[in-house]
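Worksheet: the structure to be examined is printed underneath.
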Amino acid sequence: MDANNGTTIIVMSGDMDKLVAAFSIAIGAAAAGKETNMCFTFWGLKAIQKGNYTGKSFFGKMMGVLNRGGINRVGPSRFNFGGIGRWMFKVMMRNHKVTQLEELRKTAIDLGVKLHPCEMSMEVMEIKKEDLINEAAQSCGVAAMLEMSDRSKQTLFI
Amino acid sequence: MDANNGTTIIVMSGDMDKLVAAFSIAIGAAAAGKETNMCFTFWGLKAIQKGNYTGKSFFGKMMGVLNRGGINRVGPSRFNFGGIGRWMFKVMMRNHKVTQLEELRKTAIDLGVKLHPCEMSMEVMEIKKEDLINEAAQSCGVAAMLEMSDRSKQTLFI
Amino acid sequence: MDANNGTTIIVMSGDMDKLVAAFSIAIGAAAAGKETNMCFTFWGLKAIQKGNYTGKSFFGKMMGVLNRGGINRVGPSRFNFGGIGRWMFKVMMRNHKVTQLEELRKTAIDLGVKLHPCEMSMEVMEIKKEDLINEAAQSCGVAAMLEMSDRSKQTLFI
């Protein structure tokens, strides 16, 4: 593994289509032998949540409701129509034998892609470590993310 | 042309303002003598479609309706108001002698910017090669995109 | 300061959460001794506007109304609900001692982050130099942005 040839993907979006893109790129990078790190921040955290979570404060509870569901509950950035879009996308992806989001995530993990939750986002959104999937890598702040990025050939903000 | 000084732009957005930004950066990069590749995925494909297209399956037909129109039918990411935003933006750009999207695309092509459609997106959205403009470069997957990106100084996800 | 280790952030979004991310990364980069440049384009210009502005033409006036307010008037990209989302986010950020956007901007400026407005966007949206905060750096076009980016280890499009 070349020390300065990694791929870093900052995932802020919680939209299905953008998550599919993020995981597809991460898988391609890892398959090419690149050190691959994904840093999930804000809405992106949904991609590595177990499912629902509930914040402690009144606001945390509201965020929990607004951001409910895990990786199978995310909708596309366009044309969601209250869930119809998500369903339509899933059917089309299945029809064309494109891997679903949860499998993409599993493949990424199997290939050694590190899935880091962003510390500050977890705090603001009142998401605890136990709300995240067991495979989540250690949480990281901006400094740690930049170190990974400095070892990377490409850093994407999705 | 420096072999490791390219610019790669992954275009996932189909929003007018983001496409203007993407093509403007690509043109600037190509004008500076950089190897410039744009990879269009999902909604971004609209920027290199001929116009309407119709998928074969029921879902493909629905995607065709939802994503209808070519580069002249895209609206801004904000304040579209059912087309008024697009019209307003076009008038303002014309008033200020800013180049319209279709001309931007033409300039990019003339300067040697390669416009690659993403394979997987074409398949999922049931867009065929003949639905794309003739100037479209060969379709590419993640591996090919990463190779271009590894030769680049900057890789943007728009 | 390493000449080829900078960070360039193109900020097109005017969403609160994305601006928080952009400024947080910029601050982290500057704190790590990296040359850090932010280029604000389209909706991102709101982050360095003084407050309201009024374009001269009919369309410019409309843009002024649509894009009114400075950095304290931006809402999150999701769940804004006519301002409730913004308020909720601010309260949550305050409760968790996360720095507010205006302070983040001040910290970035204090650490030497350069805040460049994009020339073309200013023209299209009819925003004048005096509509921007005094700390704004000189405006730049794509060519100047790419030069900064060529000196950077990471270039993000937010």
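The values are calculated or read from the model by the stated rules, or taken from the named source; none is laboratory data. Treat the numbers as computed from the prediction; the structure is a model and nothing was measured. Heads up, the Cβs are rebuilt from the backbone with ideal geometry, glycines too, and the neighbour counts pull from every protein chain shown.
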Starting from residues that are touching a Pro at 6+ places or on another chain (Cβ under 7 Å) and not hydrophobic (A, V, I, L, M, F, W, C), keep the ones in region B:12-46 and report whichever is surrounded by the most Cβ atoms within 10 Å (Cβ to Cβ).
B:17
Subset of region A:141-158, residues in a strand (DSSP E or B) and among the small types (Gly, Ala, Ser), comes to A:152
Give me a count of the residues in region C:118-158 that are surrounded by 16 or more Cβ atoms within 10 Å (Cβ to Cβ), among the hydrophobic types (A, V, I, L, M, F, W, C) and facing chain B (nearest Cβ under 7 Å).
5
Regarding residue C:106, is this residue more than 12 Å from every other protein chain (Cβ to nearest Cβ), in contact (Cβ under 8 Å) with a residue 12 or more places away in the chain and among the basic types (Lys, Arg)?
no
Which ones in region B:20-51 are in contact with a strand residue (DSSP E or B) (Cβ under 7 Å, 6 or more places away or on another chain) and hydrophobic (A, V, I, L, M, F, W, C)?
B:22, B:25, B:26, B:29, B:30, B:38, B:39, B:40, B:45, B:47, B:48
Please go through region B:1-11 and give me each residue that is buried (at least 24 other Cβ atoms within 10 Å of the Cβ) and either more than 8 Å from chain C (Cβ to nearest Cβ) or among the hydrophobic types (A, V, I, L, M, F, W, C) (or both), ordered by number.
B:8, B:9, B:10, B:11
Just for region A:32-48: of the residues that are assigned to a helix (DSSP H, G or I) and farther than 7 Å from residue A:12 by Cα, which one is modelled with the lowest pLDDT?
A:46
If you scan region C:96-132, which residues turn out to be in a loop (DSSP other than H, G, I, E, B) and more than 21 Å from residue C:142 (Cα to Cα)?
C:96, C:97, C:98, C:99, C:100, C:111, C:112
